[in-house]
Amino acid sequence: MPHLQDSWAVTNGILHGKLVAERVKAPIRQQTALLAEQGITLTLAVVRVGADPASEVYVRGKVRACAEVGILSRHHHLDATVTEAEIVALVEELNNDDSVDGILVQLPLPRGISESRIIAAVDPRKDVDGFHPLNLGQLFSGRSLLEPCTPAGCMLLLEAAGVPLSGKRAVVVGRSVIVGRPVAQMLVRADATVTMCHRFTEDLGACIAQADVVVVAAGVPGLIRGSWVKPGAAIIDVGINRLPTGKLTGDVEFEEAHARAGVITPVPGGVGPMTVAMLLWNTLVAAMLRRRLGMPRPAAQAWSV
């Protein structure tokens, strides 16, 4: 089955998230430079609790990405013994700090800490993760400004690759509030016909076989078999799993699926860079709205002009 036509974002059917992310970061870098000339420095506060190795790596990458585009990052690392009330107190302090434009609480939090309570404590105007109930509600009402980073990144990947969505059948595997449910809503907003699958779905393979677009965020390595993929389908693999060998892999059998798909994201190098890029984008949006500077141009215009 022939892959989608090669373009700046797609080579031999592989959709390069790193390339798309760089296109998104370019106008952010330009805008932060313009704001800096006015004496305005964008600031992202990152709150990490405990010593989870993966969280440490993710935070390090986000801090590095901030520096690349001119955003100042402040890393608040709390010990795992911290109380829920102490985390809330820090979040409220950051809410009230006028120099902070965005707040990111790195998940997961240690056992015994209510993630929903901590997320709800973040000022929705500074919620650059897009997880606050108000921002999720605005997403579902079609009036969202700060959208969850990974789902927004998935949609931009599809747009960059020129994947048609209107009237197409889309399947989302995984129903988390962080990825599955928001990306399903975004696909509906793009006029796709969406089916959401989860651990209780009967005959997952039959669902995948009918899908023109598949977004997988289940956290199960190799869950989606390549033989299930509809020829020419677009596959967005959000999963990132470390095998006993140390190799990173997604939720899709990559080689088998690549042979049939029109376009597919690799792991790593696919969705991951887009998640970070959209975090930077949300920080810019939050800063400009809170400072009453208007909205920046849509991220997709970074490659459509």
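The values are calculated or read from the model by the stated rules, or taken from the named source; none is laboratory data. What you see is a predicted model, and the numbers here were worked out from it, not measured in a lab. Glycine gets a Cβ as well: all are built from the backbone with ideal geometry, and neighbour counts include every protein chain shown.
Looking only at region 130-149, filter to residues that are assigned to a loop (DSSP other than H, G, I, E, B) and of a type in the set (Gly, Ala, Ser); which one of those is nearest to Trp281 (Cα to Cα)?
The first filter runs over region 130-149 and keeps only residues assigned to a loop (DSSP other than H, G, I, E, B), leaving 130-132, 142-148.
Of the ones still in play, those that are also of a type in the set (Gly, Ala, Ser) are 130, 142, 144.
On the way: Gly130: 11, Gly142: 19, Ser144: 14 Å.
My answer is Gly130.
Does Ala21 satisfy being closer than 21 Å to Asn282 by Cβ and either assigned to a strand (DSSP E or B) or not aromatic (Phe, Trp, Tyr) (or both)? Yes: the conditions hold for Ala21. For region 66-96, residues that are farther than 15 Å from Thr41 by Cβ and free of Cβ contacts under 8 Å to residues at least 40 places away in the same chain total 18. Output the number of the condition that Arg111 fails; it satisfies all remaining conditions of (1) modelled with pLDDT of 95 or more; (2) of a type in the set (D, E, K, R); (3) more than 21 Å from the chain's Cα centre (by Cα). Just one mismatch for Arg111, condition (1).
Restricted to region 152-184, and to residues there that are more than 21 Å from Gly222 (Cβ to Cβ) and basic (Lys, Arg), the residue that is surrounded by the fewest Cβ atoms within 10 Å (Cβ to Cβ) is Arg169.
So which residues in region 114-127 are of a type outside the set (Gly, Ala, Ser), surrounded by fewer than 17 Cβ atoms within 10 Å (Cβ to Cβ) and touching a helix residue (DSSP H, G or I) at 6+ places or on another chain (Cβ under 7 Å), if there are any at all? Matches in region 114-127: Arg117 only.
Annotation: Val105 fulfils all but one of (1) under 23 Å from Val63 (Cα atoms); (2) at pLDDT below 95; (3) buried (at least 18 other Cβ atoms within 10 Å of the Cβ); the unmet one is (2).
From the list Ala170, Ala192, Ala218, Ala184, pick out the single residue that is closer than 20 Å to Glu255 by Cα and touching a strand residue (DSSP E or B) at 6+ places or on another chain (Cβ under 7 Å). Steps first, please.
Numbers: Ala170 fails: closer than 20 Å to Glu255 by Cα; Ala192 fails: closer than 20 Å to Glu255 by Cα; Ala184 fails: closer than 20 Å to Glu255 by Cα.
Of Ala170, Ala192, Ala218, Ala184, the one residue that is closer than 20 Å to Glu255 by Cα and touching a strand residue (DSSP E or B) at 6+ places or on another chain (Cβ under 7 Å) is Ala218.
So for region 114-127 (the condition being more than 22 Å from Thr283 (Cα to Cα), at pLDDT 95 or above and over 19 Å from the mean Cα position of the chain (by Cα)), does at least one residue qualify? Yes, because at least one residue in region 114-127 is more than 22 Å from Thr283 (Cα to Cα), at pLDDT 95 or above and over 19 Å from the mean Cα position of the chain (by Cα).
All told, His3 meets the bar of being farther than 13 Å from Leu104 by Cβ, modelled with pLDDT under 95 and either touching a strand residue (DSSP E or B) at 6+ places or on another chain (Cβ under 7 Å) or surrounded by 20 or more Cβ atoms within 10 Å (Cβ to Cβ) (or both). Evaluating Gln31 against the criteria (1) surrounded by 13 or more Cβ atoms within 10 Å (Cβ to Cβ); (2) within 21 Å of Arg117 (Cα to Cα); (3) more than 20 Å from the chain's Cα centre (by Cα) leaves one unmet condition, (2). In region 204-241, of all residues being buried (at least 24 other Cβ atoms within 10 Å of the Cβ) and touching a residue at least 60 places away in the same chain (Cβ under 8 Å), the one that is nearest to Thr265 (Cα to Cα) corresponds to Ile236. The set of residues in region 31-50 being free of Cβ contacts under 8 Å to residues at least 60 places away in the same chain and more than 14 Å from Ala287 (Cβ to Cβ) consists of Glu37, Val47, Arg48.
Just one of the numbered conditions (1) among the β-branched types (Val, Ile, Thr); (2) in contact (Cβ under 8 Å) with a residue 40 or more places away in the chain; (3) not in a helix (DSSP H, G or I) is not true of Thr195: (2). Quick one: how many residues across region 160-183 are among the small types (Gly, Ala, Ser), within 22 Å of Gly226 (Cα to Cα) and not in a loop (DSSP other than H, G, I, E, B)? The qualifying residues number 2. Against the conditions (1) out of contact with any His (no Cβ under 8 Å at 6 or more places or on another chain); (2) more than 21 Å from Leu19 (Cβ to Cβ), Leu284 satisfies every one except (2).
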